[in-house]
Each structure stands twice: as structure tokens, then as C-alpha cells.
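Everything on this sheet refers to the single structure shown next.
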């Protein structure tokens, strides 16, 4: 098993072609390069297969009876699950209009038939590497606590990190990651934040059940793509985070949350319905567990913890 540049070895490739000779040739070529090959003999079979498995890349024949490669690619790209799935056209149609049509349908590249093996493998490797970099970048955003997504001028989703997709699916039953549009009222919130006078860093929140969903505008990429961060805040999240991070009891965490919000002891005692003396006792325990000597230090640490 060979390892091609870009880490193509081990990748799963879907080949869509109605010609048995082409399928045999491509299967043998890709398997020799260490890839797993799935085959579909027409566009309908390809769409059916994609309902069950997501390959790393698709090689799509342009001219097929029934549902041709252009329409098949358009349908694939209309499904939000496959926004980042690279499609390479294979075409014997040499006119420029056919190449343009394939790229407009959503393909990232094309190769002419008869296929040159080295050229095909080089293009496959490059696009596999690019797709993995994109996926890795999105996962890194989630890992760093910055779940993000982007939309175009019309509100169509360009991409979203996995955490954003799962959060929206949970908050809006019936919406799935295959949709190209955000659910209302999230979509209307984003539209308002796409205005020309909205500065980077602007935020807007909507209440969905017991969750407060906060959208933060990050930047506008030359009027083509608007980038946002999505944050879900649920009642009790702050207390849970502080308790876990600093070894506090649930009541101590509640006291610390209100301290971090600038409340004085008497105000905290009224909010939590405990005596000021009890608040003081909790503070003593908080200081000891956090290794600080005063209220200001505990507040600074709590704010930093919640900001992460």
C-alpha cells in the first residue's frame, strides 16, 4: 500500500460513472494508491449511497444518462452535510462551457478523459489535503471554545463547525445540518447583523427555551462572507463551571458568580435567601480553595474562568 502526497492513502473515494471500463480502471488505480473505492453507476445511485456514507472525495463523470454529473453535483451541494465534500469532474467534453458548468455546479476541479493516472492522483491528493485542513480548522475552533459559522449575503450557510451544527439541531427540532438556511429566529438575527454599520464584535442574543443563544459578529470578508461565533448559555452553566474548575460546592459557586457580577454580600444574601454571615463563611471557604486572600483576586479569577 503506497502513501501519496497529501495523505491520500486510506481515503474513501466515491466514483460515479456509467461506463464499466472506467469504473474498473479507476477502482484499480485508486486502490493501488491505498484508497478505498465506492462506486455508483449513475447520479441516483450516488445520492442514495450518500444517505448512508460520506466519502472523503467524489470523482464525478459529467456525461451520464438520466441524472447527469452536473445535476448530481448540484444536488449534492444543495445538501448542507456535503458543503465541504470535494467533487472532481471527469469529462470527455472539452468545450470550455462544460468545464465552467461543472465548476458552477460545485466541483472543485476537473480532469479530462482519457485520464492520465499521475495527474488524477495528484489532483485527488491536493483536494483531500485541502479538505482535511478545512475540517481540522473547524474542529480547532470548537476545541478552542469558538464555535463558528459563516453565511453569504443572502443568508445561505457557507460552513459551520460541528459544534454549531449539533447545537442548532438540538435547539431547533426539525432543523438538520443538511439545510442550507438557518432556522428562524436565528436567521433574522443574523440578517440584522449583516448591516453595513454593524461593527466587528457586535453581539445579539435570543432566548430559546432555557438557553440564551448569543451571536457575535466577527468579520465581513469583502461582502462575500459574514463570519459569526455562536455561544449557548444555559441557566446554571456559570455555577457548574466554577464549581468544577475550582473545587467549590454548588452554594460556594453561586456566591462566587454573584461576586463576579459585582454584588455585595448583603445583596447576595437577599438573592440566595441566606444570611450575610453565611455569605461570609462561604467566602472564607472560596478564598481558601482558590488560594487567594481577598475578594478582588477571587473575582478576577472567576471572570477569567468564565471568559474561557
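The values are calculated or read from the model by the stated rules, or taken from the named source; none is laboratory data. Since the structure is predicted, the reported quantities are computational estimates derived from the model, not experimental observations. Don't worry about glycine lacking a Cβ; one is built from the backbone with ideal geometry, like all the others, and counts go over all protein chains shown.
The sole residue among 185, 162, 173 that is closer than 20 Å to residue 85 by Cα and not assigned by TED's automatic domain parsing to the domain that holds residue 285 is 162.
The condition of being at negative phi, surrounded by fewer than 17 Cβ atoms within 10 Å (Cβ to Cβ) and in contact with a helix residue (DSSP H, G or I) (Cβ under 8 Å, 6 or more places away or on another chain) holds for only one of 200, 276, 196, that being 276.
Residue-by-condition table, conditions (1) in contact (Cβ under 8 Å) with a residue 24 or more places away in the chain; (2) surrounded by 19 or more Cβ atoms within 10 Å (Cβ to Cβ); (3) outside the structural domain of residue 152 (by TED's automatic domain parsing); (4) closer than 30 Å to residue 165 by Cβ:
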position: 214; (1), (2), (3), (4): no, no, no, yes
position: 219; (1), (2), (3), (4): no, no, no, yes
position: 252; (1), (2), (3), (4): yes, yes, yes, no
position: 263; (1), (2), (3), (4): no, no, yes, no
position: 287; (1), (2), (3), (4): no, no, yes, no
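Is it the case that some residue within segment 23-44 is in the same structural domain as residue 74 (by TED's automatic domain parsing), modelled with pLDDT under 95, closer than 16 Å to residue 75 by Cβ and assigned to a loop (DSSP other than H, G, I, E, B)? Within segment 23-44, one or more residues are in the same structural domain as residue 74 (by TED's automatic domain parsing), modelled with pLDDT under 95, closer than 16 Å to residue 75 by Cβ and assigned to a loop (DSSP other than H, G, I, E, B).
Within segment 169-180, is even one residue over 30 Å from residue 51 (Cβ atoms) and in contact with a helix residue (DSSP H, G or I) (Cβ under 9 Å, 6 or more places away or on another chain)?
Within segment 169-180, the subset over 30 Å from residue 51 (Cβ atoms) is none.
Within segment 169-180, not a single residue is over 30 Å from residue 51 (Cβ atoms) and in contact with a helix residue (DSSP H, G or I) (Cβ under 9 Å, 6 or more places away or on another chain).
Within segment 60-78, the set of residues being surrounded by fewer than 21 Cβ atoms within 10 Å (Cβ to Cβ) and closer than 25 Å to residue 27 by Cβ comprises 63, 65, 66, 67, 68, 71, 75, 77.
Before we move on, is residue 179 free of Cβ contacts under 8 Å to residues at least 12 places away in the same chain, farther than 30 Å from residue 286 by Cβ and not in a helix (DSSP H, G or I)? No: the conditions fail for residue 179.
Out of everything in segment 45-76 that is assigned to a loop (DSSP other than H, G, I, E, B) and in contact with a strand residue (DSSP E or B) (Cβ under 6 Å, 6 or more places away or on another chain), what residue ends up being nearest to residue 97 (Cα to Cα)?
Going residue by residue through segment 45-76, those that are assigned to a loop (DSSP other than H, G, I, E, B) are 51-56, 62-68.
Retained after the next criterion (residues that are in contact with a strand residue (DSSP E or B) (Cβ under 6 Å, 6 or more places away or on another chain)): 55-56, 62.
Working: 55: 28, 56: 27, 62: 12 Å.
The selected residue is 62.
Here residue 223 passes the criteria (1) at pLDDT 90 or above; (2) on the phi > 0 side of the Ramachandran plot; (3) under 23 Å from the mean Cα position of the chain (by Cα) except the one numbered (1). When the residues of segment 237-248 are filtered to those that are surrounded by 14 or more Cβ atoms within 10 Å (Cβ to Cβ) and over 26 Å from the mean Cα position of the chain (by Cα), the one that is farthest from residue 149 (Cα to Cα) is 248.
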